[in-house]
1. Based on Cα positions only, what radius of gyration and what Dmax would you give for the stretch 1-132, in angstroms?
2. Taking 31 Å as the cut-off for C-alpha to C-alpha distance, list the pairs among 172/241; 27/154; 206/241; 116/230 that go past it.
3. Mind putting a number on the dipole of the chain about its Cα centre? Charges go on the C-beta only, +1 for Lys and Arg and -1 for Asp and Glu, and I need it in Debye to the nearest 20.
4. Largest first, please: the extent of the C-alpha atoms of the chain along each principal axis, to the nearest Å.
5. Counting other Cβ atoms within 10 Å, keep those with at most 11, restrict to DSSP loop, and tell me which chymotrypsin sites (Phe, Trp or Tyr not before Pro) in the stretch 1-92 are left.
6. Would you be so kind as to identify which of 130, 115, 143 lies farthest towards the positive end of the dipole of the stretch 113-162, taking Lys and Arg as +1 and Asp and Glu as -1 on Cβ and the Cα centre as origin?
7. So who's got an amide H within less than 5 Å of the one on residue 45, skipping anything under 5 residues away but keeping other chains? H placed 1.01 Å off N, in plane.
8. Whole-Å semi-axes of the stretch 61-138's equivalent ellipsoid, largest first, each the root of 5 times a Cα gyration tensor eigenvalue?
Amino acid sequence: MACDTHSHTVASTHAYSTLHDYIASAKDVGLSLLSITDHGPEMPDSPHMWHFGNMKVWPRLVDNIGILRGIEANILSQPFQGSGHRYVDLPDGMLPFLDFAIASFHEPVFTPGSIKDNTAAMIRAIKSGVVQIIGHPGNPNYPINQDEVVRAAKDNNVLLEINNSSFLLSRKGSEPICKRLLETVANHDWKISVSSDAHISYDVGKFDQAEAIIEKVGFNPDNIVTKTPKRFLSFLQDHGKSFDAELLEWANKLES
């Protein structure tokens, strides 16, 4: 697994590492593509909006590590101000600065509801047109109708995330739900992302728990979009995202 699509810096104040720390750790573990996805504005410890607007100062490549500029947005119960009828905290003015967006349930923002309510909220986020990944959809605090969610994700070209942190210190009880989710995704011939959800740089690029479950299910590796940088960048281009020629050439050379 050469890409990590979910990590948090000190800009989200319950995380403990800087961009520099992550680059060094990514190099140590042989990761090719790193994504920083600090929390969206509705989370209590989210960074100021300027954090996302100024990610343009980040280089695209450092020490042959690619860097993507992302966000972990919040699934909301009401439309977010400045976004029209969008039930995720992604205002229009933020979108041009983001390479991609994850949308997730978080307890401080969205009170867990019934299967019906959780499913409807997740599908609204999927259909928003501004989200490319649903974060930790196997969270046991937010039960969903997996068939309905996977169908919506496939129809809208949105990935379902298998989150390594969910099997360690976060979201206890996720493993059997994520296993069923992988089986459901496979039944619908759809796709996933795999991430560390690192909150400290030492965890970036660590997918061992997620990979064990993927192997146990026998999930098709061709449907893991984050397997290589080229595969993930091509997926984002399908969402209308554009990248510097330097980054695209770099991704192509990795597979040549």
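Taken together, the values in this text are just the output of simple stated rules run on the coordinates, not laboratory data. Small disclaimer: the values here were computed from a predicted structure and weren't measured. Cβ coordinates were reconstructed from backbone atoms using ideal geometry, including for glycine residues, and neighbour counts include every protein chain displayed.
1. 15.2, 47
2. Cα-Cα > 31 Å for 172/241; 27/154; 116/230; rest within.
3. I would put it at about 360 debye.
4. The principal-axis extents, from largest down, are 46, 42, 33 Å.
5. Listed in order of number, the matching sites amount to none.
6. Farthest towards the positive pole: 130.
7. Long-range HN contacts for residue 45: none found.
8. 25, 15, 10
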